[in-house]
Amino acid sequence: MSGAHTINSKLRVLIAKTYQAEKLFLSMKSSGPAGFENKKLIELANNVRAEVWGNIHSDLRKSLNAIVGSDSQANVIAEVNTLKNSFRSVIDEKNRQLEKTKQVLLEMGARGEFFHTLKSSLELVRLKATIQANRTIIEQLNNIIGVSDKTTPQDAAADFDESIDDDSFSNVHVLSFHRKAV
């Protein structure tokens, strides 16, 4: 029974951290208008990421609150493992969508559909943020129940090196075109 209290106390700490993270991500969103300058694109991408991370942490917090009420350590561990599996299935699904969207983006770029490439690029940012947030949550859940996935620190670091800054857009040319009336 004392093991259940230990896991429950760890879950409560994670719930508190999740709530703080959720508030942080929501506060990171800016309210400025989205434009096509580099600064505006960065702001837009950061808003997308913040929204995704905030929503995922909100869902995690709700799920953890339901788990904390379990009466035995075995039930808690089983429910945490079920939760982890749901996050893993989201990662698998989003990875498939990511690959498909990357291919579509390349095809649209080749056809000169630049507005649609921008929309697809934002979808790629959303998918990547979802994958990263879910991986982070799985790590946190593993820490609670004392399990380690076979992810190397380099793999984890590679997922987080895609933050967008001014240098990221140095090779990006914003393309515009005017439609002629036919």
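The values are calculated or read from the model by the stated rules, or taken from the named source; none is laboratory data. Since this is a predicted model, take the numbers as computed values, not measurements. No Cβ is skipped: glycine too gets one built from the backbone with ideal geometry, and neighbour counts run over all protein chains shown.
Structure notes:
- Qualifying residues in the range 99-132 (those that are among the hydroxyl-bearing types (Ser, Thr, Tyr) and over 21 Å from residue 87 (Cβ atoms)) - the one modelled with the lowest pLDDT: 117
- Test: residue in the range 69-77 that is touching a His at 6+ places or on another chain (Cβ under 9 Å) and of a type in the set (A, V, I, L, M): no
- Annotation note: Cβ proximity below 9 Å between a residue of the range 41-66 that is closer than 13 Å to residue 80 by Cα and a residue that is modelled with pLDDT of 95 or more and aromatic (Phe, Trp, Tyr) (sequence gap 6+ or interchain) occurs for 60/87.
- Exclusive hit being at pLDDT 85 or above and either within 18 Å of residue 126 (Cβ to Cβ) or part of a helix (DSSP H, G or I) (or both), set 11, 24: 11
- Hey, residue 64 aliphatic (A, V, I, L, M), modelled with pLDDT of 90 or more, surrounded by 14 or more Cβ atoms within 10 Å (Cβ to Cβ) and more than 21 Å from residue 126 (Cα to Cα) or not: yes
- Some residue of the range 68-75 being hydrophobic (A, V, I, L, M, F, W, C) and surrounded by 18 or more Cβ atoms within 10 Å (Cβ to Cβ): no
- Selected residue [of a type in the set (A, V, I, L, M), in contact with an Asp or Glu (Cβ under 8 Å, 6 or more places away or on another chain) and either at pLDDT below 90 or not in a helix (DSSP H, G or I) (or both)] from 181, 156: 156
- Breaking point among (1) more than 22 Å from residue 139 (Cα to Cα); (2) part of a helix (DSSP H, G or I); (3) not β-branched (Val, Ile, Thr), for residue 85: (1)
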